[in-house]
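Readers should treat all values here as calculations from the given coordinates under stated rules, not as data from a laboratory. Please read these numbers as outputs of a predicted model, since none were measured by experiment. Note: ideal-geometry Cβ built from the backbone for every residue, glycine included; neighbour counts use all protein chains shown.
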Amino acid sequence: MTTTSETALKSVPNIRGLDVGRVTFRKTLVACSLLLGTLLIAILVTSLFGSEPLPTRASICAIASLGQSSCGLTPDQYAILLQIRLPRILLAAAVGASLAAAGASYQALLRNPLAEPYLLGVSNGAAVGTMIALVFFGSWEWSRPLMAFTGALASTFLVYRLAQSRAGASPERLILSGVIVTTFLSSAIVFVTTLMDATRIRSFTFWLLGDLSGTTTSLLALAMIVAVLGTAVLSANARSLNLLMLGERDAFDLGVEVSKVRLIIFFVASMLVGSSVASSGSVGYVGLVVPHLVRLSLGSDNRITVPAAAFAGALFVVVADTVARTIIAPRELPVGAITALIGAPLFVYLLKRG
Amino acid sequence: MLQANNITIKYGERLAVAAVSLRIQPGEIIAILGPNGAGKSTLLRALNGGIRPTTGEVLLDGQPLTQYPRRVVSRRIAVVAQEGDVRFPVTVLEFVLGGRYASGSTGAWGWETEQDIRVAGSVLHETELSELSGRLMNELSGGERQRAVLARALATEASVLLLDEPTANLDLEHQAAILALVRGRSELHKVAAVVVTHDLNLAAEFSHQVLLMKHGRGLAFGAPAEVLTPELLKELFNVQILVDAHPVTGVPRITPVHEAHR
């Protein structure tokens, strides 16, 4: 049947005209390059903001030399810039990219524009995993991301199963299941917190709300690698996601190996959320706000939505964290408070619009 | 080419399809008729592997369906089902291009080729959707959406079409147009079609064979004139039915006679 409609083709006026607005590889490349450029500029600019003022030109020179030259910065300034601020900004970018790419994929897979790692309880699952790691394997650093990933994966499957009914998973049912899992895990978190001493409780609460200040070099490296590889794998499955977005049955009929793709997405998205939570706690609503804005401006084709959401998510959290650490300097807000401040109203709007 | 061998499908204790066999030849249009809950749609879903029979098997070119990779099956068998709600802003063109997923030589990441766009363009034209190609799916009327679903199935260039009530949302003009389209594919390209429908007269007019189903079982199978008799239809629907010849086409014309008028 390769000759279908050869006859009909002749009578089709201007097929090229159909192509307008369709997402192509070229369009994706241009959009992602622009976002990457903006992200790099944002990283450079936000590294100049902070409670300790740094000389602009020397700072840019030091970053551009990749730390090879101090460019006239004092040793203190040099340490603030390259050992405190820059790692934190890079972590913000990795966390933002991870959460936004995971959010966009959850939304397509679960056919639900409201699906988001934080609201689905996936972030809390990862948080419980991280806590278990802290309490039981505190000395082994890698136990945190590993347990966070396990927690994220477990809660993803739990919410997915809870949301299934005979009529399939409705958006409301899914969010409700997410809320149930979230509150259950929250009480587990509260229970463990009460066993801690007062000073630890404070830093712990801060971490729970999303705190980018307390990471280590190896966790930062892990978060960055997972963000890049995870986004690549999710993007590689984006065409299947396009069909899953229309329903699992449709996708199956059209040739998608539904259970295989679903497993890949759950696995990779959980890794992304797990590595973010292990290094910075639960930063909420990034996975909701960013994919929504990306879809508004670039359309719903996941081949562009997923990678563009990753870049835009990085940008969003880098800026949000800069606000969080400068707005009441020298004190800091958890970055999760800023993202929730923007995200919660948007969630209400999306819910209303239904 | 597609064949169901004595398939039985159980949902728990409930028997949805009981020992039904069906042989689908190239170019043949088969209508499945029966009351609600007779197992028509379940049988249709089994024919493309969407539901696995509890016993029996479905063969594609002599091989069990389960032995083919999913993509290969989808390249050969396309489904037109009642479409669920589209919750994301997807354009009609994007929706129809979904039908090219299985035919693409590249992986899932693949981008559509010129050929894909051409095929989509021609099926949009055939289903009279060219003008709407840039519109969003959830802005369309029920009938337009139903045509988009058909366009997507045609875009697969599959040699078997499975249609589940394809004309349910359509006005008279578009009902005829869609069935003419399916008929045209069957005559020109030897595409086979299995149509589940409640419209007895459309079945009489457009199908080569009719399968009557009740309580999961095949009640009768044969040409419309043999199967669409008052006796069999009364048994099927528990309603008095008048069958005469269509004044124009001569195919069986079915008129239910309701209690009040008897």
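Some observations on this one:
- Shape analysis of the stretch B:112-262 based on the Cα gyration tensor places the equivalent ellipsoid semi-axes at 33, 17, 14 Å, largest first.
- Residue among B:GLY12, B:GLY56, B:GLY27 with the largest mean-square fluctuation in a Gaussian network model of chain B, springs linking Cα atoms under 10 Å: B:GLY12
- Theoretical FRET efficiency, 1/(1+(r/R0)^6), r = Cβ-Cβ of B:ARG217 and B:TRP111, R0 41 Å, to 0.05: 0.30
- Of all aspartates and glutamates in the structure, the ones whose alpha carbon falls short of 14 Å from that of A:LYS352, not counting any fewer than 8 places away in one chain, are A:GLU172.
- Here the protein assembly as shown is treated as a sphere whose radius is the Kirkwood value from Cα pairs; by Stokes-Einstein at 10 °C and 1.306 mPa s it diffuses with a coefficient of 59 µm²/s.
- Most fluctuating residue given options B:ILE30, B:ILE51, B:ILE77, as computed from a GNM of chain B linking Cα atoms under 10 Å: B:ILE51
- With the cut-off at under 17 Å, measuring from each backbone N in the stretch B:201-221 to a point 7 Å along the Cα-to-Cβ line of B:ALA180 picks out B:202-203, B:205-207.
- Choice from A:ARG239, A:ARG26, A:ARG111 showing the highest fluctuation, given a GNM over chain A with Cα pairs closer than 10 Å: A:ARG26
- Farthest positive-ward along the protein assembly as shown dipole, Cα basis, beta-carbon charges - from A:PHE49, B:VAL227, A:TYR285: A:PHE49
- Extension gain, A:PHE184 to A:VAL228: 0.36 nm times the residue separation minus the Cα-Cα distance gives 12.7 nm.
- Segment A:LEU296-A:THR38, length gained on full extension (0.36 nm per residue, minus Cα span): 91.0 nm
- Near-label residues of the stretch B:214-236 by backbone N, under 12 Å of a point 7 Å along Cα→Cβ of B:THR66: none
- Under the membrane-span-like helix rule (DSSP H runs whose alpha carbons stretch at least 24 Å along the helix axis, mean Kyte-Doolittle hydropathy 1.6 or higher), chain A yields A:25-46, A:217-236.
- Listed as lacking a disulfide-compatible partner in the protein assembly as shown: A:CYS32, by the criterion of no other cysteine Cβ under 4.7 Å.
- Estimated [θ] at 222 nm from DSSP helical runs (n ≥ 4, -39500 (n - 2.57)) normalised by residues in the protein assembly as shown, nearest 500: -17500 deg cm²/dmol
- Within the stretch B:172-188: backbone nitrogen closer than 11 Å to the B:GLU128 label point (7 Å, Cα to C-beta): B:172-178
- Approximate spin-label separation A:THR24-B:SER21, in nm, with each point projected 7 Å along Cα-to-Cβ: 5.4 nm
- Label-to-label distance, A:THR216 versus A:ILE327, with points set 7 angstrom from Cα along the beta-carbon direction: 3.2 nm.
- The fraction of all Cα pairs in chain A landing in successive 10 Å bins from 0 to the largest distance is 5, 24, 31, 22, 11, 4, 2, 0, given as whole percents.
- Rounded to the nearest Hz, the phi-derived 3J(HN,Hα) couplings of the stretch A:237-245 under the Karplus curve 6.51 cos²θ - 1.76 cosθ + 1.60 (θ = phi - 60°) are 9, 5, 5, 5, 4, 4, 7, 4, 4, where x marks glycine and proline.
- Cross-link reach is defined here as a Cα-Cα straight distance under 13 Å, omitting same-chain residues fewer than 8 places apart; for B:LYS214 the aspartates and glutamates meeting it are B:GLU235.
- All lysines inside 28 Å of A:LYS260 as judged from Cα atoms, apart from same-chain residues fewer than 8 positions distant: B:LYS10
- Projected label distance in nm at A:ARG161 and A:ILE201, using a 7 Å step from Cα toward the beta-carbon: 3.4 nm
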